[in-house]
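Just so you know, all these numbers are worked out from the coordinates, no wet-lab data involved. Model, not experiment: these values are computed from the prediction. Neighbour counts run over all protein chains shown; Cβ positions are idealised from the backbone, glycine included.
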Amino acid sequence: PVPVLEKQSRNLTQEVLDKLDTKEPLQTAEDFPDVSQQEIKAALDRLGSRSMVKYETKETEQVLLTEESEAIVQDGSHEFKVWEAAKQQGGIPVKGLKIEGRPDAWVKAGQGTAIRNKWIKKDGEKFVAVPDSVEDTVQEELKGIQETKSISDAKRLVDLKKRKLVTVGKVLAYSVTKGPSYAKEIPVEVTDLTADMLADGSWKEANFKPYNFNALGAQQNAGALHPLMKVRAEFRNIFFNQGFVEMPTGHFVDSGFWNFDALFVPQQHPARDMQDTFFISDPPKADRPRPDPDTEKQMDAMEAGSRKLFATDDKKETKPRNYEEYWDNIKKVHQEGAFGSIGYRYPWSEDETLRLVLRTHTTAVSTWVLHRLAEDPRPARYFSIDRVFRNETVDATHLAEFHQIEGVIADFGLTLGGLMKFLEDFFSKMGIENLRFKPAYNPYTEPSMEIFGYHVGLGKWVEIGNSGMFRPEMLEPMGLPKNMRVYGFGLSLERPTMIKYGVSNIRDLLGHKVDLNFIESNAAVRLDKN
Ligand code: PHE
């Protein structure tokens, strides 16, 4: 037959009522030595809410056995084991006696005590047993302590503590007396008020079950924010606190013009080929750059916010954006060189620039925003956190789509040192100190720097972002003044989220393999602030 595991459910509330009938007050530590005080408290609260019992909480000391004294209670003191061995084996060696389950130090101590007790004595090369039987008082004493969890002789307690045979711990226990509604059993309780009870008046006499205000509520089936969205909210706050406004990044498809050419990325750049970019085949071609009414509306709102933050005057006289001129400038700066640059000097293809792509970085949007800024150049700070797409081999740390956090700062007279200081402040807001910068290359920034942070958990330097000062070849074709400088930096949202939530495989965070339980139950995030 298959053994069936039976759940032993003890009716503790009934046991408390039974015991109280004959003993009052009841001391839970002594009267229920084998039940945890937590369980007892739950039973007492049940009875207390019905005024059937009253109780007081007491902090009591409990004397507890150690591993060593538990072994003694189990099968005898060390001296007893030594005597027993001497008796059974007709003598034991003076040195090196082994007793199963007892470390050598215990055996040695037991041997000393056995000699002092005159339980064994030296006989030639051996120790032999002296009396035929002995009384193991130490074991008896410890057994008593195990049962009562207390010891009356204070001096003895100090002694046993010193010998590491007992420890003293504090526990909560309860002293229980009968309450005004005490009865030998919990009376039958009514849980629902019915129309009948109201009609016939029986509700007046009914014994209603009291509400349990300590009970946990039922689990709610509610929505939950994805960890990425929680970390995103933290980053948005960091940006908002520093005077950034959010760029509208709602469109994932853009033309090569905004994603690459306007950023001075040459048309033969390896990042543009099939390896890294998802090209759209339908429709086959984008329109030439022009303002998009929906996005313009969002940009208007963004600009209004930015002006407020920087206390800049309302738009006064502005230079309207001229998309034809911009187009020509971009063509020229690539093909022949312009604005003091010798350019790339290759035939710039209009078809290539009008190919539609899934944007490979949010810098495509920053470009758009900067082109708008050229209408009325002034100090401004912009950020965005949104999705980008790269045609990459998917593995534990790479997905074909991820989120970029991007910041752009435009002002006059900015320097590279200022960017480094800004980034140090920015990353310190999420608990990353001691940045290191490594010279890098982006077609659209010069100089460019990779940002490294020391990850205490991983114990190594990890790349956390990319940054730089946008090139004149990008800014001047837009019409931004020569003395305006623009910082840019970008990092992934996934990297800090994975670190925060201890996720090592990006596919556990994003995509079809994500465990919904993980999404629902993970904690709110606090980027460590200082
Ligand atoms: N676009 C860069 C990237 O995708 C990030 C970046 C933004 C770098 C702005 C410099 C300036 O990694």
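With 41 Å as the cut-off, how large is the P(r) tail for the chain, expressed as percent of Cα-Cα pairs?
On the way: 78028 of 140185 pairs.
So the pairs more than 41 Å apart make up 56 percent of the total in the chain.
Note: relative contact order over the stretch 227-521, using C-alpha pairs below 8 Å and six or more positions apart, is 22 percent. Computed from the Cα positions only, the extents of the stretch 4-113 along the three principal axes stand at 68, 40, 23 Å, in decreasing order. In the chain, Cα pairs under 8 Å separated by at least six residues give a relative contact order of 14 percent.
Trypsin sites (Lys or Arg not before Pro) within the stretch 410-519: which are DSSP loop residues with at most 11 other Cβ atoms inside 10 Å?
Loop-located and lightly packed - Lys482, Lys513.
For Gly91, the amide hydrogen comes within under 5 Å of the amide hydrogens of Ala129, counting only partners 5 or more places away or on other chains and with H modelled in the peptide plane.
With a/c under 1.5 counting as rounded, go ahead and sort the stretch 150-301 into rounded, prolate or oblate using the C-alpha gyration tensor (a ≥ b ≥ c being the square roots of the eigenvalues; past the cut-off, prolate if a/b is larger than b/c, else oblate). It comes out oblate by the Cα gyration axes.
Could you give the alpha-carbon Rg of the stretch 424-524 over 2.2 N^0.38 Å, rounded to two decimals? Please report the intermediate quantities before stating the final value.
Numbers: Rg = 17.6 Å, N = 101, 2.2 N^0.38 = 12.7 Å.
So the Cα radius of gyration is 1.38 times the expected 2.2 N^0.38 Å.
Dividing the mean sequence gap of close Cα pairs (under 8 Å, 6+ apart) by how many residues the stretch 78-135 holds gives a relative contact order of 44 percent. The ranking of Asp328, Asp153 from fewest to most other beta carbons within 10 Å of each one's beta carbon is Asp153, Asp328. Take the alpha carbon atoms of the stretch 382-423, find their center, do the same for the stretch 475-528, and report the distance between the two centers in whole angstrom. After rounding, the separation between the Cα centres reads 9 Å. Listed cross-link partners Lys19/Lys143; Lys81/Lys143; Lys184/Lys204; Lys230/Lys500; Lys98/Lys162; Lys118/Lys149 are compared with a 21 Å cut-off, the Cα-Cα value being larger for Lys19/Lys143; Lys184/Lys204; Lys98/Lys162; Lys118/Lys149.
Taking a quarter of the surface of the Cα convex hull of the stretch 344-430, what do you get in nm²?
Values: hull surface 36.2 nm².
Averaged projected hull area, Cα only: 9.0 nm².
In this simple spin-label approximation, Tyr211 and Ala271 carry label points 7 Å from Cα along the Cα→Cβ vector, and these lie 6.1 nm apart.
Between Leu416 and Lys98, what is 0.36 nm times their sequence separation minus the Cα-Cα distance? Round to one decimal in nm. Let's see the in-between values first.
Working: separation 318, 0.36 × 318 = 114.48 nm, distance 7.41 nm.
Using 0.36 nm per residue and subtracting the Cα-Cα distance, I get 107.1 nm.
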